[in-house]
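The values are calculated or read from the model by the stated rules, or taken from the named source; none is laboratory data. Since the structure is predicted, the reported quantities are computational estimates derived from the model, not experimental observations. Ideal geometry is used to build each Cβ from the backbone, glycine not excepted, and the neighbour counts take in all protein chains shown. These accessible areas exclude ligands, DNA and RNA; they are computed on the full protein's heavy atoms, side chains included. Shrake-Rupley method; radii C 1.70, N 1.55, O 1.52, S 1.80 Å.
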Amino acid sequence: MKAICPGSFDPVTRGHLDIIQRTDRLFDDVVVAVGRNASKNYLFTPEQRVEMLEYACRGTSATITIIDGLLVDFCAANDIDVIVKGLRYASDFEFELQMAQMNHALSGIETAMLPTASKFSHISSTMVRQIARLGGDVSAFVPDGVADIMRHFLSGE
Ligand code: PNS
């Protein structure tokens with residue numbers, strides 16, 4: 001079975017990586033897809049988000065890509081069987097349930113939801129972005145090496 005872990009990954013966090021690694025153990029193939037969430041303003045470009053994911057996922061068999069259109073269209077074109085999402089708390093569930101039902105209505109694809117490991121449940125990309133913008137240290141919240149890549153991107157070098 002082939003799974004996809006879609007998200008904004010702006011930037012990838014330790015919680016995201018944990019979900020990707022667990023998905024990698026559960027399924028034969030895993031695609032990690034940087035998608036567009038129409039309601040978000042991004043800090044990093046899709047290409048920068050892919051670069052951080054490639055570094056973070058180097059110990060997994062995941063392939064990293066960008067999706068421009070609908071997630072369900074990408075899944076159909078790439079023979080993906082299941083969408084995998086991580087859930088931190090109830091507010092995640094309400095949004096993810098609606099998205100899973102909408103994706104199912106669009107194409108019949110199933111969504112599997114994995115509970116985030118409790119040690120990562122306080123981590124969000126939104127807070128990581130805020131801390132990084134104000135010059136704080138985010139290295140405890142993003143995979144090893146990613147904080148350095150973020151600093152490099154944010155310094156505009
Ligand atoms: O990390 P996020 O921001 O919660 O990820 C949301 C994302 C990118 C997975 C979602 O917005 C998505 O699937 N975007 C691709 C476009 C699409 O299919 N939109 C309809 C979703 S019902």
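General observations
- Some residue of segment 11-19 being under 15 Å from the mean Cα position of the chain (by Cα), within 10 Å of the ligand (Cβ to nearest atom) and free of Cβ contacts under 8 Å to residues at least 40 places away in the same chain: no
- Selection status of Tyr89, open to solvent by 40 Å² or more (accessible area, probe 1.4 Å) and in contact with a Gly (Cβ under 6 Å, 6 or more places away or on another chain): no
- Val34 satisfies every condition listed in (1) without any contact (Cβ under 8 Å) to a residue 40 or more places away in the chain; (2) surrounded by fewer than 22 Cβ atoms within 10 Å (Cβ to Cβ); (3) within 13 Å of the ligand (Cβ to nearest atom) except (2).
- Close pairs (6 angstrom Cβ cut-off, 6 or more residues apart or separate chains): in a strand (DSSP E or B) in segment 104-127, β-branched (Val, Ile, Thr) and open to solvent by less than 60 Å² (accessible area, probe 1.4 Å) anywhere: Glu110/Val82; Thr111/Ile83; Ala112/Val82; Ala112/Val84; Leu114/Ile19
- Checklist (1) open to solvent by less than 30 Å² (accessible area, probe 1.4 Å); (2) in a loop (DSSP other than H, G, I, E, B); (3) within 16 Å of Met52 (Cα to Cα) applied to Ile80, failing item: (3)
- All of (1) within 15 Å of the chain's Cα centre (by Cα); (2) part of a loop (DSSP other than H, G, I, E, B); (3) not polar (S, T, N, Q) hold for Ala38 with one exception: (1).
- Criterion violated by Asp79 - all others in (1) touching a residue at least 40 places away in the same chain (Cβ under 8 Å); (2) within 11 Å of the ligand (Cβ to nearest atom); (3) of a type outside the set (Val, Ile, Thr) satisfied: (2)
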